[in-house]
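The values are calculated or read from the model by the stated rules, or taken from the named source; none is laboratory data. Worth saying up front: this structure is predicted, and the values here are computed from it rather than measured. What goes into the accessible areas is simple: the full protein's heavy atoms, side chains included, and nothing from ligands, DNA or RNA. Shrake-Rupley method; radii C 1.70, N 1.55, O 1.52, S 1.80 Å.
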Amino acid sequence: MDEDKVFKALADPTRRRLLDLLYERNGQTLGELCEHLDMARQSATQHLGLLEAANLVSTVWRGREKLHFINPVPLHEVYERWVRKFERQRLSLLHDLKKELEGK
C-alpha cells in the first residue's frame with residue numbers, strides 16, 4: 001500500500017464524498033456519481049483517477065459502462081496502522097476510569 005497516495009486521496013472532500021457515494025451504493029457509473037456532485041464530469045474523472053491510483057476504487061467494464069467500486073482494503077490498512085493503536089490506549093483509559101468510579 002502506498003500510504004502517501006491513500007492519505008492524499010482522502011485529504012480532499014470531493015474524493016471522500018465519492019467514497020461515501022460508493023459506500024451507499026457500490027458499482028456506480030461516472031454519470032450516476034456526477035448526479036450527486038456539483039462539478040463537470042472531467043473533474044469527477046480526475047478525482048476518481050486519484051482514488052484508483054490509491055487503490056481505493058476499482059473499476060469493471062460492463063459493456064460500454066464503467067462501474068466504480070470501493071475497495072475497503074487500503075482503508076482497513078490505514079485503520080490498523082494509524083487508528084487502532086490510539087484506540088487501544090483510549091479504551092484502556094476508559095476501562096480504568098470505569099473501575100475507579102465503581103470503586104473496584
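For every residue, the table says whether it meets (1) hydroxyl-bearing (Ser, Thr, Tyr); (2) modelled with pLDDT under 95; (3) over 17 Å from Asp12 (Cα atoms).
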site: Tyr23; (1), (2), (3): yes, no, no
site: Glu32; (1), (2), (3): no, no, yes
site: Asp38; (1), (2), (3): no, yes, no
site: Ser43; (1), (2), (3): yes, no, no
site: Glu52; (1), (2), (3): no, no, no
site: Leu75; (1), (2), (3): no, yes, no
site: Trp82; (1), (2), (3): no, yes, yes
site: Ser92; (1), (2), (3): yes, yes, yes
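When the residues of the stretch 1-41 are filtered to those that are within 15 Å of Phe69 (Cα to Cα) and among the basic types (Lys, Arg), the one that is least open to solvent (accessible area, probe 1.4 Å) is Arg15.
If you go through the stretch 86-104 and keep only what is over 30 Å from Arg16 (Cα atoms), assigned to a helix (DSSP H, G or I) and open to solvent by 100 Å² or more (accessible area, probe 1.4 Å), you end up with Leu93, His95, Lys98, Glu100, Leu101.
Considered as a group, the residues in the stretch 48-67 that are under 13 Å from the mean Cα position of the chain (by Cα) and not aliphatic (A, V, I, L, M) include one that is most open to solvent (accessible area, probe 1.4 Å), and that residue is Asn55.
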